[in-house]
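*Asks:* Sharing a structure with you now.
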Amino acid sequence: MLGILVHGNNHFIVRGPLPDRTSSLALVRQWSLIQIDAPVPTPLAPWSISSREFRENLTWAVVVPGDGEISASVAELLAELSARKIVIHDSRLDGW
């Protein structure tokens, strides 16, 4: 599975299943700090950042609180996903 994890004005294209709220927050904490050669915690092993993907292949989306506003291009992508009937999970508004 492939999705997008949006964190304020940053985002990650992610390979793996739709994370729950707790995992989403942990992934953002893990990936927002550069940690050279740091091991990935076992609970986060199902997910990895992907650098080249087609937007048509995204199957899930999660928004978590972060610094700054969501960029216009990411907001447009989220709107496209929503139009494709993909639920945009917003950890600020709902639990899933």
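The values are calculated or read from the model by the stated rules, or taken from the named source; none is laboratory data. Not measured: the values here are computed from a predicted model. Backbone-built Cβ (ideal geometry, glycine too); neighbour counts: all protein chains shown.
*Asks:* Consider the range 47-96. How many of its residues are part of a loop (DSSP other than H, G, I, E, B) and among the charged types (D, E, K, R)?
*Replies:* 8
*Asks:* Can you tell me which residues in the range 18-31 are under 20 Å from residue 53 (Cα atoms) and out of contact with any Ser or Thr (no Cβ under 9 Å at 6 or more places or on another chain)?
*Replies:* Selection gives 19, 27, 28, 31.
*Asks:* I've got another one for you. What residue, of 14, 74, 63, 6, is touching a strand residue (DSSP E or B) at 6+ places or on another chain (Cβ under 6 Å), surrounded by 14 or more Cβ atoms within 10 Å (Cβ to Cβ) and free of Cβ contacts under 8 Å to residues at least 40 places away in the same chain?
*Replies:* None of the other options fit; the residue is 14.
*Asks:* Could you tell me which numbered condition residue 25 fails, if it satisfies all but one of (1) in contact (Cβ under 8 Å) with a residue 24 or more places away in the chain; (2) loosely packed, with under 13 Cβ neighbours inside 10 Å?
*Replies:* Condition not satisfied by residue 25: (2).
*Asks:* Here's a follow-up. Could you pull out the residue among 8, 16 that is at pLDDT below 95 and either over 18 Å from residue 85 (Cα atoms) or among the hydrophobic types (A, V, I, L, M, F, W, C) (or both)?
*Replies:* 8
*Asks:* Sticking with this one: Which members of the range 77-96 meet the condition of being within 19 Å of residue 55 (Cα to Cα), exposed (fewer than 10 other Cβ atoms within 10 Å of the Cβ) and either under 15 Å from the mean Cα position of the chain (by Cα) or of a type outside the set (A, V, I, L, M, F, W, C) (or both)?
*Replies:* Result: 85, single match.
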